[in-house]
Amino acid sequence: MVMDLRDGFIVLDEMRNVTIRIGKVIEEDEWEPMGPTPKPHILDLRYWDQKLLERYEPFYAPMQDFCNLCTMGPCELSHNKEGACGIDLKTQKARLVVLACLIGASSHTAHARHLVHYLVEKFGRDHPIDLGNNVNIEAPNVRLVFGIRPKTIGDLETVLDYVEQELVRVLHTLHTGQEESYLDYESKALHVGMLDHVAMEVADIAQVAAFNYPKGDPDAPLVETGFGVLDLNKPVILIIGHNVLPARNIVDYLEEHGLENEVEVAGLCCTAIDTTRYDPKAKIVGTLSFELRAIRSGIPDVVVTDEQCIRADTLRECSKMGIPVIATSEAASRGLPDRTHENPDVIVEDLVSGRAKGVLIRDPDKVGEIAVRVAIEVRKRKGRKEPFMSEEELKAEVQKCTGCARCVFSCPHNLRIDVAMQHAKKKGDFSKFREIEPTCIACGRCEQVCPKGIRIVDVIMKSSLDQLKSKTGKSRAGRGPIQDVEIRKVGQPIVMGTIPGVIAAIGCPNYPRAREELGQIVEEFLKRRYIVVTSGCHAMDLGMYTDEEGKSLYEKYPGSFDAGGLVNVGSCVANSHISGAVIKIAAIFAQRPLRGNYAEIADYILNRIGAVGLAWGAYSQKAASIATGFNRLGVPAVVGPHSTKYRRAYIGKYWKKEKWWVYDIKSKKKIPVEPAPDALLVCAETKEEAIVQLARLCIRPADTYLGRQIKLTHYIELSQKYLGCLPDDWHLYVRTEADLPVKMRDQLLKILEDEHGWKIDWKNKKILEGPIRQYDAGFNPTLVEHVYEKYTGEKIIR
Amino acid sequence: MSLDKAFERVTRIFNPADVQVSKCASIIKPKVVATMIKKSKHPVLITGGKLLEDERLVDFVVKLHEKTGMDVIATGGSSRPLIERGVEPVATVFTLHYVTQYLTDPNWKGFDGKGNYDLAVFIGFTAPYYLSRMLSALKHFSRVNTISICEYYQPHAKFSFPNLNEDLYYEALNMILEV
Ligand code: SF4
Ligand code: SF4
Ligand code: SF4
């Protein structure tokens, strides 16, 4: 008998008291044969991690040299000593890295779970995942890791079940008395990073499918971005965080009540991005570093918080400004009373009158009414105050400064507030604050230590008010996935190298210097016709980077995934579309099977796809796990100097020749290769250095000679422009004279002969001897034994 | 304050939370910096991105290089102003992160092929927190002696200048050259 199984339960009449429950059944047609590692557990891809870690040796820069995680400690671990449990400093640091990645991945997973749970309730399990006609590979990460093609929102629940189980299993390994090799912890960090991309993908495709966001649309609308874009004649609702549900309800409420032109909806952080994907009339105020700026300005009439990257003093700060707060997330309930089920009239009156500083409303569908009514009422009753402080207050504040410099030593950027204060105090000149402002992340640490209680942030911002207001521009609303047709077009030029690279500018705003530097880095690559993709805070800051005519990069470069395109995929969780795009190149261009086939695809990407991440201001645990997920997939990242505080990098050593080899499927030999890329995670100090590193890390062993020539041309040009010379290692990437930039060919051949001892046939301008290996057009590299065996039909004797 | 006093005073860490339980850097006077460079068998000077915006630092590095013949590893883009002034760094493209990774490997032959360095002197980094992390790595995982002659006290170096105000800082650098 064939039973048609559905969710639910069946009771067999003859067997009293026996109930057989049938869990979720996902009907899978045989779309692709299952690969070797569907739903991988912790150890299933360890062999791939070991390949990576062998080359890209973990580098540790301890923040502390002690551990106090259990009561046998605290243990002093300096100089790699062992603690009472036997763990050494390196392994302990690796353990902490895993923890950071777990926090990051759990944030995305919980966010995804919340969204999926909500959508299942609203739209039902069978709601289709339809990302538009041009997106057939709807969930490349899910296909690759989990091994299904999700068709409905309900299918995503099963994927999250798996991710959650794995995260708990990894968390278990962090208990005292587990791993003793840092390499094993690193493998777990990589595992968590991979899971993170799956969870992010679930979150984003669920919201794209359910809320009708742009579906891979290169012409997604332009949205107003910047501190100065708000219409201050209207009540302002400021939404902060990462989960769109409450914001969506606010937008819906306004529309249902014909109020959409009466109230400003403005967002900070990724909620801003996702709100504008839902409703392009909403506005983006800025990134995490604009939170205190926005609250202290007094501009918002009500602040709504959801989850992640929201300051932990939001209620205190808002209360000082008389701004009511509506918390909406279990992750950040701010000590507020849960009033989800109370009469909205009472809640509104309590918030407007100031009887309640804030409330917790757990049901996102009840937030809209309260937020809108409170904003309108607050505005009516309170009117507008001068932003930050009055001119008199400003002068009085700087007079208090004694120049003790405590603020300088507390500032994460050691900004010379003391100098700016003294300058203003003695000369009445506030210009030094305006110099500080673009670098100030408005963290407020300086105020915590100032013995005179000076409102330093307000002083900086008030002095820079015009500058702040002029920070306006346009971002392109997050478009979500990259279309399959786009991949079909650019897959080949990317793999050949004739599109020199994909630069993914992603992550947070903890930049080393002024925000503008990000725009300068990105523009260099857009002009050179790299593909630039972006998301999250970087995507917003690019919207505020404008030219003399006030045009942002989004207005000057197309939104297509193509040479010279600037693609905003969306919020943090939309980063999965960037990993998804590189996975799709392997699937669509190279026809590699995805299903449960992680190592083969990551190996393909590492050897062939010149994609590099740029996280110029990464600060969060989410950024740690996102980057680590990219790394497991074979995508390197360049990070800003603050990211060295993550404690770990993956940096290979080009001079260890024995580490740089591949199996060549064509010649059936194990052969040495050029060290490309030679790092998976590395920090640059300055924008100049970052630009050169990005170009450098786009080089891949499988580049064709034409592709290598183009990549080397950019690398050498950028090095000459920013470092003042040829890069030290350019010769390592030369396999044949055809790899050399055409205009410099003779000059470079001469250097190869004179300085590196290569043999040159000058008559034919050919390299006779010298390169690490010969160029071979059919070169087909892999690091993975089973991939080699699959495509050659030969066994490797291990 | 005189330079001598500045070197005797208790100095603060550039970020009071950047603490470790192992020994903090000893304050080093300019003269001793010069002597240590002289006595070391294989020293190297590592420069950072601040040279892009501070001509006086470039001046100092040029002179120190001329005087001691010490190799320069230029990071952060600092090679450009140095090359313009006739210094040829032994490495320009590897970031401080790479260089530190190499330094922690006892098998590294250095950029000159003569073996790993026994003394690394750091100057001109725009971000003290970045240098701090690298010095921490070298403290725990290498045998390289480290001296920071940056403007902020660097707790995880073996030896460091104290925090110095602008004038005293350049005075201190000059004193290294005078020895
Ligand atoms: S976990 Fe190990 S190193 Fe940490 S405090 Fe406990 S015994 Fe010491
Ligand atoms: S608020 Fe600005 S000036 Fe103050 S400590 Fe933070 S970054 Fe430095
Ligand atoms: S801590 Fe306060 S008093 Fe001291 S320099 Fe900074 S602003 Fe002035």
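When you go through A:Lys452, A:Lys382 one by one, which is the residue that is without any contact (Cβ under 8 Å) to a residue 60 or more places away in the chain, in the same structural domain as A:Ala266 (by TED's automatic domain parsing) and not acidic (Asp, Glu)?
Matching residue, one of A:Lys452, A:Lys382: A:Lys452.
Listed by first and then second residue, the pairs linking a residue in segment B:101-114 that is facing chain A (nearest Cβ under 8 Å) to a residue that is hydroxyl-bearing (Ser, Thr, Tyr) and part of a helix (DSSP H, G or I), with Cβ atoms under 7 Å apart and 6 or more places separating them unless they lie on different chains, are B:Trp108/B:Tyr102.
For segment A:56-87, name all the residues that are open to solvent by 10 Å² or more (accessible area, probe 1.4 Å) and in contact (Cβ under 8 Å) with a residue 60 or more places away in the chain. Across segment A:56-87, the qualifying residues are A:Glu57, A:Pro58, A:Met63, A:Leu69, A:Cys70, A:Met72, A:Cys85, A:Gly86, A:Ile87.
So is B:Tyr130 open to solvent by less than 10 Å² (accessible area, probe 1.4 Å), free of Cβ contacts under 8 Å to residues at least 24 places away in the same chain, facing another protein chain (nearest Cβ under 7 Å) and not in a loop (DSSP other than H, G, I, E, B) or not? Answer is no for this residue. The sole residue among A:Lys366, A:Lys382 that is among the basic types (Lys, Arg) and in contact with an Asp or Glu (Cβ under 8 Å, 6 or more places away or on another chain) is A:Lys382.
Among the residues of segment A:282-331, those identified as basic (Lys, Arg) and out of contact with any Leu (no Cβ under 9 Å at 6 or more places or on another chain) are A:Arg296, A:Arg316, A:Lys320. Count of segment A:42-67 residues, restricted to those that are more than 24 Å from the chain's Cα centre (by Cα) and assigned to a loop (DSSP other than H, G, I, E, B), is 4. Per the listing A:Arg95, A:Arg149, A:Arg125, the residue uniquely outside the structural domain of A:Arg479 (by TED's automatic domain parsing), in contact with a Phe, Trp or Tyr (Cβ under 6 Å, 6 or more places away or on another chain) and either away from ligand 1 (no atom under 16 Å from the Cβ) or aromatic (Phe, Trp, Tyr) (or both) is A:Arg149. Of all residues in segment B:82-102, exactly one satisfies the criterion of being assigned to a loop (DSSP other than H, G, I, E, B) and among the small types (Gly, Ala, Ser), namely B:Gly86. Can you say whether A:Cys404 is under 30 Å from the mean Cα position of the chain (by Cα) and either within 14 Å of another protein chain (Cβ to nearest Cβ) or open to solvent by 60 Å² or more (accessible area, probe 1.4 Å) (or both), as far as the supplied structure shows? So A:Cys404 does not fit the description; no. Applying the condition of being under 10 Å from B:Val121 (Cα atoms) and more than 12 Å from chain A (Cβ to nearest Cβ) to segment B:145-159 and asking which residue is surrounded by the fewest Cβ atoms within 10 Å (Cβ to Cβ) yields B:Asn145.
For segment A:438-462: of the residues being open to solvent by 30 Å² or more (accessible area, probe 1.4 Å), part of a loop (DSSP other than H, G, I, E, B) and within 14 Å of chain B (Cβ to nearest Cβ), which is nearest to ligand 3 (Cβ to nearest atom)?
Residue satisfying both the conditions and the ranking: A:Cys443.
If the condition is being of a type in the set (D, E, K, R) and touching a helix residue (DSSP H, G or I) at 6+ places or on another chain (Cβ under 8 Å), then segment A:466-490 contributes A:Lys469, A:Lys471, A:Lys474, A:Arg476, A:Asp484, A:Arg488.
Can you name every residue in segment A:257-280 that is open to solvent by 10 Å² or more (accessible area, probe 1.4 Å) and touching a helix residue (DSSP H, G or I) at 6+ places or on another chain (Cβ under 8 Å)? Once the filter is applied, which keeps residues that are open to solvent by 10 Å² or more (accessible area, probe 1.4 Å) and touching a helix residue (DSSP H, G or I) at 6+ places or on another chain (Cβ under 8 Å), segment A:257-280 yields A:His257, A:Leu259, A:Glu260, A:Glu262, A:Val265, A:Tyr278, A:Asp279. From the list A:Leu748, A:Leu752, A:Leu723, the lone residue that is within 26 Å of A:Pro493 (Cα to Cα) and crowded, with 18+ Cβ neighbours inside 10 Å is A:Leu748.
The values are calculated or read from the model by the stated rules, or taken from the named source; none is laboratory data. Values in this document were obtained by computation on a predicted structure and should not be read as measured data. Backbone-built Cβ (ideal geometry, glycine too); neighbour counts: all protein chains shown. Ligands, DNA and RNA are stripped out before the accessible areas are found, and what is left, the full protein with its side chains, is counted by its heavy atoms. Shrake-Rupley method; radii C 1.70, N 1.55, O 1.52, S 1.80 Å.
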